[in-house]
Structures are given as structure tokens and as C-alpha cells.
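The values are calculated or read from the model by the stated rules, or taken from the named source; none is laboratory data. Note that this is a predicted model, so its numbers are computed, not measured. Here Cβ is always computed from backbone atoms with ideal geometry, including for glycine, and neighbour counts include all displayed protein chains. Keep in mind that these areas ignore ligands, DNA and RNA; they rest on the heavy atoms of the full protein, side chains included. Shrake-Rupley method; radii C 1.70, N 1.55, O 1.52, S 1.80 Å.
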Amino acid sequence: VCAVCGSKTQTKTIWGRAECSNNGLLSTPLYKGYIMSNEYTQNRGQYVCVDEERMVHHRSRFNNDGGNKWYTVEAQCGALPCGPYVEDRELACAVCRVNDEHAKKANSVYTRWGSRECDDRRYPANKIYEGYLAGSYYTSSGGGYNNVCLHEKPTWNEFNDRDQNGARMYGTEYQNTGSLDKNHNRDA
């Protein structure tokens, strides 16, 4: 099931956290859940934040009908640092909105890839959080096709630290192409 919703203030998915606290102006929770995507050997889908209830529609059957398949996403350490993240632990997410009293301060929400700062001196911006660039393994056919900015201080829903052979998420590395080379094999 799914629901398309509206909010009178800006919303953002906080990847890697099961709560909205410590996210600047985005501190009102709309829902929490699990990052889900296609299994790592299937064709790539999209990383999405699915409500922790994972409800089914009223005509749902206990039958494999050949539809798209979503799996919980597990952290894979390496370019994604173990320490804050745990190998094979299911990753949480939360959809948060700007508090009403701060509505005029947050007209737009965006991700600035490759930087720890939002303010570039010409245009002021409020930082919501910083984190680690993550996505699918570069040779995997499955998982998510989109990159996410995982929060630097993860929190968890219910989890199982064993490999479930579902979807997986890895850190991201910069690669040199022969022009504008910088930080080859360094973690983004």
C-alpha cells in the first residue's frame, strides 16, 4: 500500500536514522521505517524509506505473483565506516518535516554532494545533517540506483546483524578519470 501526502512545511528523508532529533530544522517526525530496495542480484530499483509497519493491501495474498520485490537494506562496511555503522545490520530511515515555527527559514531542502557545508558565503543555508555518501556496489546489478546521504550518527529500528542476502548499501569512493583528478579511491 502507499499514500501520497502533503505537508505545509518542507520534508526530507533522513537516511540511516530512525528518528528526527538532531536534524536541525527538520525535527518533526512524519514516520520512521526501513531503507528498502531490490535484492543485490536483481535489476536495480530505488532506495526508498518504507514505513516500519510495511502494511499490505486488502487483496494481498500469501503467494509469489512475480511482482517487484523489496528487501531491507543492510550496511556493508568498507568505504562505509564501521564504527557508526554495523556490518549486515538493517538500515533505518525517517521522514521528517520542518517545525511550523521554522517554516519561513526552510523554503527548500537539497543535498550538497561532496561537501560537509551548506553555506558557501554567497547564499546562506541551514545544514540539517552531514553524513556518508552511500549506494549499491559498483558491479552489482541490483540494489538501489540512487545515492543517499547516510546520517553520520545512525540510530536503529529492530534489526538482525546476520547477512540476509537482501539489498545492500556500500560507501562510495571517488575515482580518477584522467581529468580533474582528486582523492582517487578515497571515501566520499
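Sorted by accessible area (1.4 Å probe), largest first, how do Val98, Val109, Val4 line up?
Sorted by accessible area, descending: Val4, Val109, Val98.
Determine ³J(HN,Hα), in whole Hz, for all residues of region 5-22 in sequence, where each value follows from phi through the Karplus function 6.51 cos²θ - 1.76 cosθ + 1.60 and θ = phi - 60°; x replaces Gly and Pro.
10, x, 9, 7, 10, 4, 10, 7, 7, 9, 7, x, 10, 9, 8, 9, 5, 6
Convex hull volume of the Cα atoms in the chain, per residue, in Å³?
Working: hull volume 26.7 nm³, N = 188.
Hull volume over Cα atoms, normalised by residue count, gives 142 Å³.
Ignoring ligands, DNA and RNA, what accessible area per residue does the chain give at 1.4 Å, in Å²?
Here the residues of the chain average 64 Å² of exposed surface.
Measuring from the lowest to the highest alpha carbon on each principal axis, how far does region 79-175 reach, largest first, in angstroms?
The Cα atoms of region 79-175 stretch 44, 35, 25 Å along their principal axes.
What number comes out for the charge environment of Arg168, summing +1 per Lys or Arg and -1 per Asp or Glu over other residues with Cβ under 15 Å away?
Values: positive: Arg44, Lys69, Arg89, Arg162; negative: Glu39, Glu74, Glu87, Asp88, Glu90, Asp161, Asp163.
Its environment carries a net charge of -3.
Of the trypsin sites (Lys or Arg not before Pro) in region 116-167, which ones lie in a loop per DSSP and count no more than 12 other C-beta atoms within 10 Å?
Arg116, Arg121, Arg122, Arg162
Looking at region 4-52, which trypsin sites (Lys or Arg not before Pro) are in a loop (DSSP not H, G, I, E or B) and have at most 15 other Cβ atoms within 10 Å?
Here the trypsin sites (Lys or Arg not before Pro) that fit, given the DSSP loop and packing criteria, are Lys8.
Going by the alpha-carbon gyration tensor, a ≥ b ≥ c the square roots of its eigenvalues, is region 79-128 rounded (a/c under 1.5) or, if a/c is not under 1.5, prolate (a/b greater than b/c) versus oblate?
Working: a/c = 3.73, a/b = 1.59, b/c = 2.35.
The shape class here is oblate.
Amide H neighbours of Glu173 under 5 Å, at least 5 residues apart or on other chains, H built in the peptide plane: list them.
Excluding prolines and chain starts, which carry no amide H, the hits are Ala188.
Can you work out the Karplus-derived ³J(HN,Hα) for every residue in region 168-181? Use 6.51 cos²θ - 1.76 cosθ + 1.60 with θ = phi - 60°, whole Hz, and x for glycine or proline.
Working through the residues one at a time gives 9, 10, 10, x, 10, 10, 6, 10, 7, 10, x, 9, 6, 5 Hz.
Cα centroid distance between region 83-97 and region 112-188, in Å?
12 Å
Please list, or write none, the aspartates and glutamates whose alpha carbon is within less than 13 Å of the alpha carbon of Lys182, excluding same-chain residues fewer than 8 places away.
In chain and number order, the partners are Glu173.
Just tell me the longest site-free run in the chain, where the sites are chymotrypsin sites (Phe, Trp or Tyr not before Pro) in a DSSP loop having at most 10 other beta-carbon atoms within 10 Å.
1-61
Just round it to a whole percent: the fraction of Cα-Cα distances in region 25-127 exceeding 24 Å.
46 percent
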